[in-house]
Amino acid sequence: MEPLLSAIVTWLSLNFGMPAIHEHPWVQFAAPETMEAVRGSAETVEAIYDDASRTIFLDEKWQGKTPAELSVLVHEMVHHLQNAAGLKYECPQAREQQAYAAQQRWLGLFGSDLRKEFELDAMTLLVRTRCMG
């Protein structure tokens with residue numbers, strides 16, 4: 001997993017100007033219920049990054065064999081780099097903008113996108129990436 005994480009860090013640094021921090025997060029595979037408990041909501045997610053423990057929790061069925069699965073890791077690595085660099089955002093949703101942009105670009109390398117792979121349309125992305133209230 002370490003070489004893969006290093007490659008993703010390099011790709012994010014080159015394509016998004018993210019800091020090339022090679023202090024990798026812990027990666028754990030977890031049941032959906034565990035990720036819901038970490039996240040503090042009942043929303044089903046593919047993965048989650050926990051800032052405090054610097055851990056990426058991936059769905060226990062994740063194998064990293066498809067561009068879509070790898071894009072989930074790319075998304076969470078954005079959050080790790082944001083956290084490791086101490087970047088600040090006006091709200092939690094604002095930090096999702098860069099993570100979804102990276103995930104979208106990654107999928108584009110393979111002729112796909114967030115809509116095809118995860119049924120995420122422009123309106124859903126807008127809601128998930130904007131500070132409300």
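If you go through segment 79-100 one residue at a time, how many are small (G, A, S), crowded, with 17+ Cβ neighbours inside 10 Å and over 18 Å from E46 (Cβ atoms)?
So the answer is 1.
Restricting the search to segment 88-133, which residues are under 14 Å from F16 (Cα atoms) and not charged (D, E, K, R)?
Restricting attention to segment 88-133, the residues satisfying the condition of being under 14 Å from F16 (Cα atoms) are 95-106.
Matches in segment 88-133: Q97, Q98, A99, Y100, A101, A102, Q103, Q104, W106.
Among the numbered conditions (1) closer than 24 Å to P3 by Cβ; (2) in contact with a strand residue (DSSP E or B) (Cβ under 9 Å, 6 or more places away or on another chain), tell me where V45 comes up short.
Of (1) closer than 24 Å to P3 by Cβ; (2) in contact with a strand residue (DSSP E or B) (Cβ under 9 Å, 6 or more places away or on another chain), only one is false for V45: (1).
Considering each residue of segment 1-38, count those that are part of a helix (DSSP H, G or I), of a type outside the set (S, T, N, Q) and under 19 Å from E69 (Cβ atoms), and give that number.
Quick first cut of segment 1-38, residues part of a helix (DSSP H, G or I) only: 2-16, 32-38.
After this cut, where a residue has to be of a type outside the set (S, T, N, Q) as well, the list is 2-5, 7-9, 11-12, 14, 16, 32-33, 35-38.
So of that shortlist, the ones also under 19 Å from E69 (Cβ atoms) come out as 2-5, 7-9, 11-12, 32, 35.
The number of residues fulfilling the criteria is 11.
Considering segment 80-116 alone, what residues qualify as being farther than 22 Å from D51 by Cα, assigned to a helix (DSSP H, G or I) and touching a Pro at 6+ places or on another chain (Cβ under 8 Å)?
W106, L107
Would you please name the residue that is nearest to T129 (Cα to Cα), looking only at residues in segment 39-79 that are of a type in the set (G, A, S) and part of a helix (DSSP H, G or I)?
Of everything passing the filter in segment 39-79, S71 is nearest to T129 (Cα to Cα).
Filtering segment 89-133 down to residues that are at pLDDT below 90 and touching a Phe, Trp or Tyr at 6+ places or on another chain (Cβ under 8 Å), which residue is farthest from H79 (Cα to Cα)?
Step by step, filter segment 89-133, then rank; the result is L120.
Does segment 104-124 contain any residue that is under 15 Å from L5 (Cα atoms) and either without any contact (Cβ under 8 Å) to a residue 12 or more places away in the chain or within 14 Å of the chain's Cα centre (by Cα) (or both)?
Step one: filter segment 104-124 for residues under 15 Å from L5 (Cα atoms), giving 106.
Keeping just the survivors that are either without any contact (Cβ under 8 Å) to a residue 12 or more places away in the chain or within 14 Å of the chain's Cα centre (by Cα) (or both) gives 106.
Yes - at least one qualifying residue is present in segment 104-124.
Table: residues versus (1) free of Cβ contacts under 8 Å to residues at least 40 places away in the same chain; (2) closer than 24 Å to M18 by Cβ.
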| position | (1), (2) |
| --- | --- |
| A31 | yes, no |
| V38 | yes, yes |
| D50 | yes, yes |
| I56 | yes, yes |
| E60 | yes, no |
| Q63 | yes, no |
| E69 | yes, yes |
| M77 | no, yes |
| A84 | no, yes |
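The values are calculated or read from the model by the stated rules, or taken from the named source; none is laboratory data. Keep in mind that this is a model prediction, so the values were computed, not measured. Ideal geometry is used to build each Cβ from the backbone, glycine not excepted, and the neighbour counts take in all protein chains shown.
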